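Visitor: Can you read through this structure? Questions will come right after.
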Amino acid sequence: MYHIGFGVNDLGVSPPTMALLSGDPERARLIAHTYLQDVRLLSENRGLNSYMGYLPNGRPILCATSGMGAPSLSIVVNELLQVGIRQIIRVGTCGSIQPHIAVGSIVISSAALCRQGAANDIAPVEYPAAADPFLTVALVKAAQELKIEHYLGITASVDTFFEGQERTDSANPYLLRSLVGITEEYQHLHILNYEMECGTLFKMAGVYQFAAAAVCAVISQRTVAENIILTQKDIAVQNAIATAIHTAANSVF
């Protein structure tokens, strides 16, 4: 595959059908080398680091990198499907927009309010961006069994980290009028968090017919401040990864 840098022949006689997908190549590396056995680097092409390894139960699995944002993710997911992947769990980070969702916890997305240009090339604006219900319930069950603080609900999936998430503490403090107050509006719609990929992932899953789910580490509390809480980021990310690994190891997919 041109972008991910590996193909079917690189996956062996018993190729994986599930991938854990992270935006950050370092998170993909961390998952592979911390939680998997017999890990093998498949590619570092374009910074889209991909690894193949085995869960403790012997199940093969990929840890792959999507890059930042929906356009990059759409390319990676398309090529992962071409090499045989049929279940994808996004392991990401997010910002809470509800006051009761603390930094360090995780959000499991049941669906996404999808405000992404890439998704519009996959399906119409009104096409639902919904997570696979069975894989999502498996994530919730995993978080419960691991006693990780978790929340299930709708995610706002947008294209930009700064303007689209109503951040003004940046190089551009001037927002479009349509974005001023958008966070408060989403709070009233009971949306839990901001992130940048899962809306397009969910629409692709509906159109291409594969199972997709998302678990995101809460690393900022947007009802308090715009910044990321670095002191608690590692704990939150570890909680998201542990939930995804537990799900992959115990699912029947």
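Visitor: Take the conditions under 27 Å from Gly84 (Cα atoms) and aliphatic (A, V, I, L, M) and apply them to Ala225. Does it pass?
Guide: no
Visitor: Let me ask something else. Read through the list (1) crowded, with 22+ Cβ neighbours inside 10 Å; (2) under 30 Å from Glu226 (Cβ atoms); (3) aliphatic (A, V, I, L, M), then give the number of the only condition that Met68 fails.
Guide: (1)
Visitor: For the range 132-185: of the residues being aromatic (Phe, Trp, Tyr) and outside any strand (DSSP E or B), which is nearest to Leu113 (Cα to Cα)?
Guide: Per the criteria, the residue is Phe161.
Visitor: Right, another one. Might you let me know whether the range 179-186 holds any residue that is open to solvent by 30 Å² or more (accessible area, probe 1.4 Å), of a type in the set (Asp, Glu), modelled with pLDDT of 95 or more and over 18 Å from the mean Cα position of the chain (by Cα)?
Guide: Yes: the range 179-186 contains one or more residues that are open to solvent by 30 Å² or more (accessible area, probe 1.4 Å), of a type in the set (Asp, Glu), modelled with pLDDT of 95 or more and over 18 Å from the mean Cα position of the chain (by Cα).
Visitor: Using the structure shown, decide if Ala112 is at pLDDT 95 or above and in contact with a Phe, Trp or Tyr (Cβ under 9 Å, 6 or more places away or on another chain).
Guide: yes
Visitor: Look at Gly58 and say whether it is without any contact (Cβ under 8 Å) to a residue 40 or more places away in the chain and touching a Leu at 6+ places or on another chain (Cβ under 7 Å).
Guide: No, not satisfied.
Visitor: Also: Does the range 240-251 contain any residue that is open to solvent by less than 30 Å² (accessible area, probe 1.4 Å) and in contact with an Asp or Glu (Cβ under 8 Å, 6 or more places away or on another chain)?
Guide: No.
Visitor: From (1) surrounded by fewer than 19 Cβ atoms within 10 Å (Cβ to Cβ); (2) in contact with a strand residue (DSSP E or B) (Cβ under 7 Å, 6 or more places away or on another chain); (3) not aliphatic (A, V, I, L, M), pick out the condition that doesn't hold for Phe161.
Guide: In the conditions (1) surrounded by fewer than 19 Cβ atoms within 10 Å (Cβ to Cβ); (2) in contact with a strand residue (DSSP E or B) (Cβ under 7 Å, 6 or more places away or on another chain); (3) not aliphatic (A, V, I, L, M), Phe161 misses (2) alone.
Visitor: Taking only pairs six or more apart or across chains, which ones have beta-carbon atoms under 6 Å, a first residue in the range 182-198 that is farther than 18 Å from Ala212 by Cβ, and a second residue that is at pLDDT 95 or above and of a type in the set (Gly, Ala, Ser)?
Guide: From the range 182-198, the pairs are Tyr186/Ala156; Ile191/Ala156; Tyr194/Gly95; Tyr194/Ala156.
Visitor: Would you mind telling me which numbered condition in (1) at negative phi; (2) modelled with pLDDT of 95 or more; (3) of a type outside the set (A, V, I, L, M, F, W, C) Asp169 fails?
Guide: Looking at each condition in turn, Asp169 falls short on (2).
The values are calculated or read from the model by the stated rules, or taken from the named source; none is laboratory data. All figures in this text were calculated on a predicted structure; none of them were measured in a lab. Here Cβ is always computed from backbone atoms with ideal geometry, including for glycine, and neighbour counts include all displayed protein chains. Ligands, DNA and RNA are excluded from the accessible area calculation, which covers all protein heavy atoms including side chains. Shrake-Rupley method; radii C 1.70, N 1.55, O 1.52, S 1.80 Å.
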